[in-house]
Every structure is written in structure tokens, then in C-alpha cells.
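> Quick one: this structure, given as C-alpha cells, is what I'll be asking you about.
The values are calculated or read from the model by the stated rules, or taken from the named source; none is laboratory data. Being a predicted model, the structure only gives us computed values, none of them experimental. Here the Cβ is made from the backbone with ideal geometry for all residues, glycine too, and neighbour counts use every protein chain on show.
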Amino acid sequence: MSKCLLILFHLLVIKVCCYKYIPGILKLITFGQMFAILTLTSKFSILHFFQSNTEALMPFSSKMMLLPQMFLGFTFAILIPASLEFTIAQSPVHMRGVMVGIWFASLGCGYLFNINIKYLFGCHNEYLCTASYYYLTKSAVVFVILIVFIILARNYKYRIRENEVNVHQIVDDHYHRYMAQEEEYSIQVSS
């Protein structure tokens, strides 16, 4: 349900508002990845620089932790629907189901990586790791992914349809077949 609302939010709000400023879907994905880096670096800076403060021991009550969560919300609102839209738009019609499945599998692998990297830093909390270098490591990984994505997006050639679809020809052929079937039926009924 939340993914449906996220896609509707993307189609009705983000795409309408941002299309003038970010016309390409690859640029929108890059923008979403930059928000992901901003989210992780803001969490790192909050946990690293306010570590001596007693409020940092209880990060759930910290008002400053609201800012990275807002960045994370923008990241998901931009990145997930845009990447799904790009996957569907650039895959052939008969392969779209497989490509969406691969997209979901890669999303699941990302979540699995995110869960398992917490154990390297000794994070015991399920929702928020208070080890500041955890977020620095994640932001470095996302930055490397962003650089690779930008290099690949520059050299990407959009899919070009091999055959042009002539709608008028299809309708004309369908109409002629219908007329031929109608004539055959009228001949069979009359005899």
C-alpha cells in the first residue's frame, strides 16, 4: 500500500513539479542518489559531532535526527518510483514482468546489504545505529555507486523501437478482416 502511495505521490507531485527543472529520468535518479548521500552524511555529522552531548545517547529524542529522516523520505519519494519507471520504460514489452522482478530483487539485495552491514559496526538497534562511522561507510558506498551510475548514464543509449507502429495500418487491416468475415458469414447464412 505504501509503495502505491509513493508511486502516486511521484506521478502527481514530484513529476509535475520537477519535470521543468529535471527533465530526464536519469537525472532524477541521480538527484535521488544525491539526496541519499545527503541523508547519510547528515546522520554521520549529527552522531559524530554531538557524541559528547548527553542528548546523543538518546538519538530518538533528538530533534536534529528529524532532518535526516526528511531527507530519507525525499530520497525514497524520488529514487524508487523513478528507477521503476526507467526500468519499465526501457525494457521490451514482453520482458517487463521479468525486469520488474529483477528490480524488486535488487531492491531486496540492497535492504539485505543494509541490514548486514550493521553487524560490522556492532549496531544492536534495529532502526538507528549510533555508530557514526557506519553512516560514513554507507555514504562512501553510495557515493561510489553514484559515480558509477553517472559514468554509465552518460554513455547510456535509450532503447529505440525496432519497428514503427502504424496504428492506421493496424486498424485498416482489422477492418478488412472484419468485413471479410462478415461476407463469409452472410454467404453461409444465405446458402
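> Give the residues of the range 105-122 that are without any contact (Cβ under 8 Å) to a residue 12 or more places away in the chain and either at positive phi or surrounded by 13 or more Cβ atoms within 10 Å (Cβ to Cβ) (or both), sorted by residue number.
G122
> Taking the range 78-104 on its own, how many of its residues are among the aromatic types (F, W, Y) and surrounded by fewer than 15 Cβ atoms within 10 Å (Cβ to Cβ)?
1
> If you don't mind, another one. Has the range 126-135 got any residue that is in a helix (DSSP H, G or I), of a type in the set (S, T, Y), closer than 19 Å to L72 by Cβ and at pLDDT 85 or above?
Within the range 126-135, not a single residue is in a helix (DSSP H, G or I), of a type in the set (S, T, Y), closer than 19 Å to L72 by Cβ and at pLDDT 85 or above.
> Could you check, for the range 85-94, whether at least one of its residues is over 12 Å from the mean Cα position of the chain (by Cα) and in a loop (DSSP other than H, G, I, E, B)?
Looking for residues that are over 12 Å from the mean Cα position of the chain (by Cα) and in a loop (DSSP other than H, G, I, E, B), one finds at least one in the range 85-94, hence yes.
> Taking the residues in the range 68-77 that are buried (at least 17 other Cβ atoms within 10 Å of the Cβ) and not hydrophobic (A, V, I, L, M, F, W, C) as candidates, determine which candidate is farthest from T130 (Cα to Cα).
Filtering first and then ranking leaves T75.
> Right, next: Any residue at all in the range 180-191 that is over 32 Å from the mean Cα position of the chain (by Cα) and at pLDDT below 75?
yes
> Identify, from the list I145, I151, the residue that is surrounded by 13 or more Cβ atoms within 10 Å (Cβ to Cβ), out of contact with any helix residue (DSSP H, G or I) (no Cβ under 6 Å at 6 or more places or on another chain) and part of a helix (DSSP H, G or I).
After applying the criteria, what remains is I145.
> Got at least one residue in the range 140-155 being in contact with a Cys (Cβ under 8 Å, 6 or more places away or on another chain) and not polar (S, T, N, Q)? Show your work before the answer.
Of all residues in the range 140-155, those in contact with a Cys (Cβ under 8 Å, 6 or more places away or on another chain) come to none.
No - not one qualifying residue is present in the range 140-155.
> Go through (1) touching a Ser or Thr at 6+ places or on another chain (Cβ under 9 Å); (2) at pLDDT 80 or above and name the single condition A56 misses.
For A56, the exception is condition (2).
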